[in-house]
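The values are calculated or read from the model by the stated rules, or taken from the named source; none is laboratory data. Just so it is clear, the model here is predicted, and its values are computed rather than measured. Here the Cβ positions follow ideal geometry from the backbone for every residue, glycine too, while neighbour counts run over all protein chains shown. For the accessible areas, the whole protein counts, side chains as well, though only heavy atoms, and no ligand, DNA or RNA atoms are used. Shrake-Rupley method; radii C 1.70, N 1.55, O 1.52, S 1.80 Å.
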Amino acid sequence: QVQLVESGGGLVQPGGSLRLSCAASGISISFYAMRWYRQAPGKQRELVAASTSGGITIYADSVKGRFTISRDNAKNTVYLQMNSLKPEDTANYYCNAKLSINDYWGQGTQVTVSS
């Protein structure tokens, strides 16, 4: 059974930092494209950052220069380092693993940026 378990969300002040983790079991993330998405209330889910199995990373324009996606294949975990957080980053953040038709999602972790 495949599981993706996100952690690290919480409440942070504007300008602060958080690091999200996504621990995978049942798959080897080294073969998968790993992605972070987010969804704010009343908005569509959007891609935040992605890391291909070949090491290419891409970011949404809104987070470039502030967020960094990384992976530790030995720990089977992907991370999202979020710096200089803004209120508009408030959302539920989801981890996704995709390889061909295999497409897995975590349950999400809430990030709230507020003073």
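Summary of computed values
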| item | result |
| --- | --- |
| Members of the stretch 31-57 found to be surrounded by 12 or more Cβ atoms within 10 Å (Cβ to Cβ), not basic (Lys, Arg) and not in a strand (DSSP E or B), listed by number | 31, 32, 40, 52, 53 |
| Number of positions in the stretch 75-115 that are within 12 Å of residue 37 (Cα to Cα), part of a strand (DSSP E or B) and of a type in the set (Asp, Glu) | 0 |
| The stretch 95-115, residues that are touching a Cys at 6+ places or on another chain (Cβ under 9 Å) and hydroxyl-bearing (Ser, Thr, Tyr) | 104, 109 |
| Matching residues, the stretch 29-59, being among the hydrophobic types (A, V, I, L, M, F, W, C) and over 19 Å from residue 9 (Cα atoms) | 29, 31, 33, 56, 58 |
| Positions within the stretch 66-86 being among the aliphatic types (A, V, I, L, M), over 17 Å from residue 105 (Cβ atoms) and open to solvent by less than 30 Å² (accessible area, probe 1.4 Å), in sequence order | 82, 85 |
| Total residues in the stretch 18-47, condition without any contact (Cβ under 8 Å) to a residue 60 or more places away in the chain, under 13 Å from residue 5 (Cα atoms) and over 12 Å from the mean Cα position of the chain (by Cα) | 2 |
| Lone unmet requirement of (1) touching a Phe, Trp or Tyr at 6+ places or on another chain (Cβ under 9 Å); (2) part of a loop (DSSP other than H, G, I, E, B); (3) modelled with pLDDT of 95 or more for residue 22 | (2) |
| Residues located in the stretch 1-41, provided they are of a type in the set (A, V, I, L, M, F, W, C) and farther than 11 Å from residue 93 by Cβ | 2, 4, 5, 11, 12, 23, 24, 27, 29, 31, 33, 34 |
